[in-house]
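A.B. asks: The structure under discussion is supplied below as structure tokens; questions concerning it will follow.
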Amino acid sequence: MFDVTFVRKEEIAEHIYSFYFEPVKPLRFVAGQFIELKLTHKNPDNRGEKRWFTISSSPTRKLLTISTRFSESHSSTFKSALKDLKPGAKLQMASPMGDFVLPKDTSIPLLFMAGGMGCTPFHSIIDYLNEKGEKRDIKMVYAAKRLEDVAFTNTFESLGSNFRIALTEPPANWHGMSGHITPSEILRASKEGERRIYLSGPEPMVETLDKELKEAGVHGSRIHTDFFPGYKAI
């Protein structure tokens, strides 16, 4: 593990914050990867002092960011200590890892399906593509409970009409997608060009959609998954 310095935090949606860290040396990673963060704090609960986080920033950025949701009622001692960090605090981070990344073949069409905080790897990826000026054929659906729960809209809206939001509790004047995302909807969106399907979100959501898509005949090589334990299905 190596040291990182906490720089600042920013609220990016209701109860969702991004935390900015400066590594002691330039950090190389691929957009979509994750890290383990160690935060030493007093009287840790039984969940301990380490957590896995997907990196939400592009590899082109000087500062590395993680983004996470906080409970409205009770947070773990780790989350409480994270939220109370002061600029200059030192933490330890493991080297980035994971294969939830873009295919090397830039011609492959993609479908990104994000549920809740599963938006974070897609933010890293799309921000990277925008920074590099690299064009990919990407459609994205972002499922959330309420519009207030949606983060990183400025980045995702760079996809234009290929970006859609689906809400399970939409406001009265909502004209977008509503209700839970079903495998049939994913299949309709992914048929065009036999898109690779990237599923990222709460563990129950990802496991269910992965299973049902395969039962519907989608070959496993077309499905990439990244699940977030501890979050409820959208």
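The values are calculated or read from the model by the stated rules, or taken from the named source; none is laboratory data. Just so it is clear, the model here is predicted, and its values are computed rather than measured. For neighbour counting, all protein chains shown are included, and Cβ atoms are generated from backbone atoms with ideal geometry for every residue, glycine included. SASA here: full protein model, heavy atoms, side chains in, ligands and nucleic acids out. Shrake-Rupley method; radii C 1.70, N 1.55, O 1.52, S 1.80 Å.
A.B. asks: Run through every distinct alpha carbon pair of segment 116-168 and return the Kirkwood hydrodynamic radius in angstroms, one decimal place. Provide the component values of the computation, followed by the final result.
C.D. replies: Values: mean 1/r = 0.0876 Å⁻¹.
Computed over Cα pairs of segment 116-168, the Kirkwood hydrodynamic radius comes out at 11.4 Å.
A.B. asks: Translational diffusion coefficient of segment 112-234 at 10 °C, 1.306 mPa s, Stokes-Einstein with Kirkwood Rh over Cα pairs, in µm²/s as a whole number. Let's see the in-between values first.
C.D. replies: Values: Rh = 14.7 Å.
Result for D is 108 µm²/s.
A.B. asks: Roughly how many percent of the accessible protein surface of the chain is carbon and sulfur, given a 1.4 Å probe and a whole-percent answer?
C.D. replies: Exposed carbon and sulfur together represent 48 percent of the surface.
A.B. asks: Let me ask another. Determine, for each peptide in 118-125, 208-215, the mean count of other beta carbons within 10 angstrom over its residues, then list the peptides with the highest first. Don't skip to the answer; put the middle values down first.
C.D. replies: Values: 118-125: 27.4, 208-215: 15.9.
Order by mean packing, descending: 118-125, 208-215.
A.B. asks: If you average the sequence gap of Cα pairs under 8 Å that are 6 or more apart and divide by the length of segment 125-174, what percent do you get for the contact order?
C.D. replies: Numbers: 44 pairs, mean separation 21.5, N = 50.
This gives 43 percent for segment 125-174.
A.B. asks: Then there is this: Per residue, how much accessible area does the chain show when a 1.4 Å probe rolls over the protein heavy atoms, in square angstrom? Walk me through the intermediate numbers first.
C.D. replies: Values: 12010 Å² over 234 residues.
Per residue, the chain has an accessible area of 51 Å².
A.B. asks: With the calculation restricted to Cα positions, what are the radius of gyration and Dmax of segment 140-195 in angstrom?
C.D. replies: Taking only Cα atoms of segment 140-195, I get Rg and Dmax of 11.9, 35 Å.
A.B. asks: While we're on this one: Quick one: give the max-minus-min coordinate of the C-alpha atoms of the chain along each principal axis, largest first, in Å.
C.D. replies: So the extents along the principal axes, rounded to whole Å, are 50, 38, 33.
A.B. asks: Compute for segment 12-108: radius of gyration divided by Kirkwood radius, i.e. Rg/Rh, restricted to C-alpha atoms, rounded to two decimals.
C.D. replies: Numbers: Rg = 14.7 Å, Rh = 14.8 Å.
Value, to two decimals: 1.00.
A.B. asks: Turning to a different aspect of this structure: If I take every Cα pair under 8 Å that is 6 or more residues apart in segment 42-102, average their sequence separation and divide by the length, what percent do I get for the relative contact order? List each step's numbers first, then the result.
C.D. replies: Details: 29 pairs, mean separation 18.0, N = 61.
That works out to 29 percent.
A.B. asks: A further question follows. How big is the antiparallel share of DSSP beta bridges in the chain, given as a percent to the nearest 5?
C.D. replies: The antiparallel proportion sits near 55 percent.
A.B. asks: Now, a different point. What does the charge dipole of segment 1-116 about its Cα centre add up to, to the nearest 20 debye, if the Cβ of each Lys and Arg holds +1 and the Cβ of each Asp and Glu holds -1?
C.D. replies: 360 debye
A.B. asks: Can you tell me the FRET efficiency between Ala216 and Asp137 if r is taken as the Cβ-Cβ distance and R0 is 22 Å, rounded to the nearest 0.05?
C.D. replies: Numbers: r = 22 Å, r/R0 = 1.01.
Efficiency, rounded to the nearest 0.05: 0.50.
A.B. asks: Let me ask something else. Evaluate the relative contact order of the chain (contact order divided by residue number), counting alpha-carbon pairs under 8 angstrom at least 6 apart; express in whole percent.
C.D. replies: 19 percent
A.B. asks: Estimate the FRET efficiency between Glu22 and Met97 by the formula 1/(1 + (r/R0)^6), using the beta-carbon distance for r and 25 Å for R0, to the nearest 0.05. Before the final figure, lay out each step's value.
C.D. replies: Values: r = 20 Å, r/R0 = 0.81.
Computed FRET efficiency for Glu22 and Met97 comes out at 0.80.
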